[in-house]
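A.B. asks: This is the structure I want to talk about, given as structure tokens.
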Amino acid sequence: MNDDKITIGLFNDTYYPLVDGVVQVVDNYARLLSKKAKVIVFVPKGRDKHYKDVFPYQVVRSKRMRVFFLDYDLALPQFDNYFKKVLKNAKLDIVHIHSPFTMGKIGLEYAKKHHIPCVATMHSQFKRDFKRSLKTPLLTPIVSILMASIRSVFNNTTENWAVNGEVGRIFHEEYKVKNKPIVMLNGTDMQPVTDKTKITALREKYKIRPEEKVFLFVGRINILKNLPFLVRSLKILKEKHFPFKMLFVGSGQDEDSIKKQVKSLKMTKDIIFTGKITNREELACHYALADLFLFPSLYDCSSLVQIEAASQKTPTLFLKGSATSDTITPEINGYISEHEEFDYANKIIQIFSDKEKYNSVCQKAFDDLYLTWPKVVEKAYQRYIYLIKENKKKLQFEKKQKLEKKKKKYN
């Protein structure tokens, strides 16, 4: 460890140009940590051969193998001599893995070999991922093997972090990870929109009438997010003559099927697919435009989009039992509905039936849930420093014990 700066290795099995929540987390960590530490991000190469890394931190890419039935690739660092050479000479002070798969395992191996701390963040409900990908019951034993592999990784780290309390509970009680993780929440780089003319412009662009409430979803257009349920709920809402416009921001593998569902339900005038919006200011304006963020996913652990919505005083309606709703207090800074279309539609109507209470929830969502990345990453950095110091004490104590045993042996 350098007296001035520590060297941090962040490991993940995906990275840009592919974008998901974990990629954004790693990027924000790396950008902010690089202001006070040396940061190296270890990730596989992307599918786009023309993509170039332009970051204020070092990115080291390994070979990878395409897995055709998945959106993600399999990293192959063990077969990449250049990658192994760079990692060998990295002189890391701490390892932080964001995936328990190939790249996470090689990060853990490095930490063990060099006697440095290894932190792991739990981002996903892996068992659900496996069951979705391996649908036939004949492959159930494979799910058990994969879960055992993941458990082994998390059980051998110095410390595990969970993105909220419910995720920590799932890993500790259901996945049988030995030590209950500590909670380290995610944040956002999004700033509150102050130029209201931009919101007015969006209302005109989408032809939103004054009496219409605006609902928003941001993310992958994927059935994993429970979007068919959301569309059916909105159909019920329409039948109840509740005026609204629904905006789906994003793209994904199930976009065509969701659009077909919308068309079959004759809701093309009520539901707008904007496509992916990468400009952060433009995206912030969409959050500010919305009266309610609809997030019926039971898959996500702690989505960044709910924090982004809170940055614009837009509360979120979740489903009961979702891990990602763990950070809210129902009816105080967000809302929860039963997992049933009529209940979801009726909950929306109920939310807007009390204007004073709704305004209070909007403000509390901002006050309680809007957490910026600088605050999150500073807390993580201080934890790194603590773990490095504690590890040094431990190593010194073990060294002292060995010397004492040696002395006793020869006396």
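A.B. asks: Here are L237, L230, L185: which of them is buried (at least 19 other Cβ atoms within 10 Å of the Cβ), of a type outside the set (V, I, T), out of contact with any Pro (no Cβ under 6 Å at 6 or more places or on another chain) and not in a strand (DSSP E or B)? So that I can check it myself, show each step before the final result.
C.D. replies: Numbers: L230 fails: out of contact with any Pro (no Cβ under 6 Å at 6 or more places or on another chain); L185 fails: buried (at least 19 other Cβ atoms within 10 Å of the Cβ).
Answer to the selection: L237.
A.B. asks: Something else: Determine whether segment 354-363 contains at least one residue that is in contact with a strand residue (DSSP E or B) (Cβ under 6 Å, 6 or more places away or on another chain) and either of a type in the set (S, T, N, Q) or under 30 Å from R31 (Cα atoms) (or both).
C.D. replies: First, pick out the residues of segment 354-363 that are in contact with a strand residue (DSSP E or B) (Cβ under 6 Å, 6 or more places away or on another chain): none.
No: zero hits.
A.B. asks: Here's another thing I want to ask about it. How many residues are touching a strand residue (DSSP E or B) at 6+ places or on another chain (Cβ under 6 Å) and either of a type in the set (K, R) or part of a loop (DSSP other than H, G, I, E, B) (or both) when one looks only at segment 338-351?
C.D. replies: 2
A.B. asks: While we're looking at this one, here's another question. With respect to K266, is the statement that it is surrounded by fewer than 16 Cβ atoms within 10 Å (Cβ to Cβ) and out of contact with any helix residue (DSSP H, G or I) (no Cβ under 6 Å at 6 or more places or on another chain) true? Even if it seems obvious, please write down each step before you answer.
C.D. replies: On the way: surrounded by fewer than 16 Cβ atoms within 10 Å (Cβ to Cβ): yes; out of contact with any helix residue (DSSP H, G or I) (no Cβ under 6 Å at 6 or more places or on another chain): yes.
When the stated conditions are applied, K266 passes them.
A.B. asks: What do you reckon, is D71 more than 18 Å from the chain's Cα centre (by Cα), among the charged types (D, E, K, R), surrounded by fewer than 17 Cβ atoms within 10 Å (Cβ to Cβ) and at pLDDT below 95?
C.D. replies: Numbers: more than 18 Å from the chain's Cα centre (by Cα): no; among the charged types (D, E, K, R): yes; surrounded by fewer than 17 Cβ atoms within 10 Å (Cβ to Cβ): yes; at pLDDT below 95: yes.
It is false that D71 is more than 18 Å from the chain's Cα centre (by Cα), among the charged types (D, E, K, R), surrounded by fewer than 17 Cβ atoms within 10 Å (Cβ to Cβ) and at pLDDT below 95.
A.B. asks: Given the criteria of a type outside the set (A, V, I, L, M), buried (at least 19 other Cβ atoms within 10 Å of the Cβ), assigned to a helix (DSSP H, G or I) and touching a residue at least 12 places away in the same chain (Cβ under 8 Å), does Y335 qualify?
C.D. replies: Values: of a type outside the set (A, V, I, L, M): yes; buried (at least 19 other Cβ atoms within 10 Å of the Cβ): yes; assigned to a helix (DSSP H, G or I): no; touching a residue at least 12 places away in the same chain (Cβ under 8 Å): yes.
It is false that Y335 is of a type outside the set (A, V, I, L, M), buried (at least 19 other Cβ atoms within 10 Å of the Cβ), assigned to a helix (DSSP H, G or I) and touching a residue at least 12 places away in the same chain (Cβ under 8 Å).
A.B. asks: Let me ask something additional. Being modelled with pLDDT under 95 and of a type in the set (S, T, N, Q) is the filter here; which residues of segment 158-193 pass it?
C.D. replies: Correct list: N164, N179.
A.B. asks: Separate question: Which ones in segment 80-99 are free of Cβ contacts under 8 Å to residues at least 60 places away in the same chain and surrounded by 24 or more Cβ atoms within 10 Å (Cβ to Cβ)?
C.D. replies: none
A.B. asks: Right, here's the next one. Given (1) more than 28 Å from N391 (Cα to Cα); (2) modelled with pLDDT of 95 or more; (3) assigned to a helix (DSSP H, G or I), where does R61 come up short, assuming only one miss?
C.D. replies: (3)
A.B. asks: Taking L247, is it touching a residue at least 60 places away in the same chain (Cβ under 8 Å) and either among the acidic types (D, E) or surrounded by 17 or more Cβ atoms within 10 Å (Cβ to Cβ) (or both)? Outline the logic, then answer.
C.D. replies: Values: touching a residue at least 60 places away in the same chain (Cβ under 8 Å): no; either among the acidic types (D, E) or surrounded by 17 or more Cβ atoms within 10 Å (Cβ to Cβ) (or both): yes.
No.
A.B. asks: In segment 129-157, what count of residues is obtained for those that are surrounded by 18 or more Cβ atoms within 10 Å (Cβ to Cβ) and either polar (S, T, N, Q) or at pLDDT 90 or above (or both)?
C.D. replies: Adding up the residues that qualify gives 4.
A.B. asks: So which residues in segment 250-280 are assigned to a helix (DSSP H, G or I) and touching a residue at least 12 places away in the same chain (Cβ under 8 Å), if there are any at all? Let's see the steps before the verdict.
C.D. replies: First, the residues of segment 250-280 that are assigned to a helix (DSSP H, G or I): 255-264, 280.
Residues satisfying the conditions are E255, S257, I258, K259, Q261, V262, R280.
A.B. asks: Now a separate question. Would you be able to say whether some residue in segment 355-371 is β-branched (V, I, T), part of a helix (DSSP H, G or I) and under 30 Å from H241 (Cβ atoms)? First the steps, then the outcome.
C.D. replies: Here is the first cut: in segment 355-371, the ones β-branched (V, I, T) are 361.
Cutting the leftovers down to part of a helix (DSSP H, G or I) gives us 361.
Next cut, under 30 Å from H241 (Cβ atoms) only: 361.
Yes, some residue in segment 355-371 is β-branched (V, I, T), part of a helix (DSSP H, G or I) and under 30 Å from H241 (Cβ atoms).
A.B. asks: Sticking with this one: With respect to P17, determine if the residue is crowded, with 17+ Cβ neighbours inside 10 Å, outside any strand (DSSP E or B) and touching a residue at least 24 places away in the same chain (Cβ under 8 Å).
C.D. replies: Details: crowded, with 17+ Cβ neighbours inside 10 Å: no; outside any strand (DSSP E or B): yes; touching a residue at least 24 places away in the same chain (Cβ under 8 Å): yes.
So P17 fails the test.
A.B. asks: Inspect all residues belonging to segment 8-31 and state whether any of them is over 21 Å from the mean Cα position of the chain (by Cα) and farther than 20 Å from M184 by Cα. Explain how you work it out, then say what you get.
C.D. replies: Going through segment 8-31, the residues over 21 Å from the mean Cα position of the chain (by Cα) turn out to be none.
Scanning segment 8-31 turns up no residue that is over 21 Å from the mean Cα position of the chain (by Cα) and farther than 20 Å from M184 by Cα.
The values are calculated or read from the model by the stated rules, or taken from the named source; none is laboratory data. Bear in mind that the values here come from a model prediction, so they are computed numbers and not experimental data. All Cβ positions, glycine included, derive from the backbone under ideal geometry; neighbour counts span all protein chains shown.
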